[in-house]
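Student: Below are the structure tokens for one structure; questions will follow.
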Amino acid sequence: MKKVELIFESVYENRLLELFKKHEINGYTIIRDIEGYGGHGLKTADDVSDIFSNIYIFAVCESHKYDDMDKDIRIFLARHGGKCILSDVMLLLGTPKK
């Protein structure tokens, strides 16, 4: 399984969610108004408008689903900026192991 984490300007949120839908990534978490320091300096979450605020979205999916989406993620980042962090993960749910 893969964990796909993206940080980018919130104005592009719907475009990323459309990309997830296209690749049948049906579960994700969104954290709005994030702040931090990176390549573009300090980005705060207290701007007058949230149009240029950053957003963090992550999803966990089967590896083959990410592989199918990889090219589209790279195109998204080239057009709109941002960062994608990709990790191999194991998803644990509330069902105990037998």
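Student: For the range 60-83, name all the residues that are in a helix (DSSP H, G or I) and of a type in the set (A, V, I, L, M, F, W, C).
Tutor: Within the range 60-83, Met69, Ile73, Ile75, Phe76, Leu77, Ala78 qualify.
Student: I'd like the full set of residues that are farther than 20 Å from Asp88 by Cα, part of a strand (DSSP E or B) and not aromatic (Phe, Trp, Tyr), limited to the range 1-11.
Tutor: Glu9
Student: Still on this structure: Restricting to the range 12-42, name every residue that is surrounded by 14 or more Cβ atoms within 10 Å (Cβ to Cβ), of a type in the set (D, E, K, R) and either in a loop (DSSP other than H, G, I, E, B) or more than 11 Å from the chain's Cα centre (by Cα) (or both).
Tutor: Within the range 12-42, Asp33 is the sole residue that qualifies.
Student: Would you check which residues across the range 28-65 are farther than 11 Å from Leu6 by Cα, polar (S, T, N, Q) and at pLDDT 95 or above and list them?
Tutor: Ser63
Student: Going by the conditions given, is Asp68 out of contact with any Leu (no Cβ under 7 Å at 6 or more places or on another chain), among the acidic types (Asp, Glu) and either modelled with pLDDT under 85 or within 18 Å of Leu17 (Cβ to Cβ) (or both)?
Tutor: Spelling it out, Asp68 is indeed out of contact with any Leu (no Cβ under 7 Å at 6 or more places or on another chain), among the acidic types (Asp, Glu) and either modelled with pLDDT under 85 or within 18 Å of Leu17 (Cβ to Cβ) (or both).
The values are calculated or read from the model by the stated rules, or taken from the named source; none is laboratory data. If you're wondering where the values come from, they're calculated on a predicted model, not measured in any experiment. As a convention, Cβ positions derive from the backbone with ideal geometry for all residues, glycine included, and neighbour counts pool all protein chains shown.
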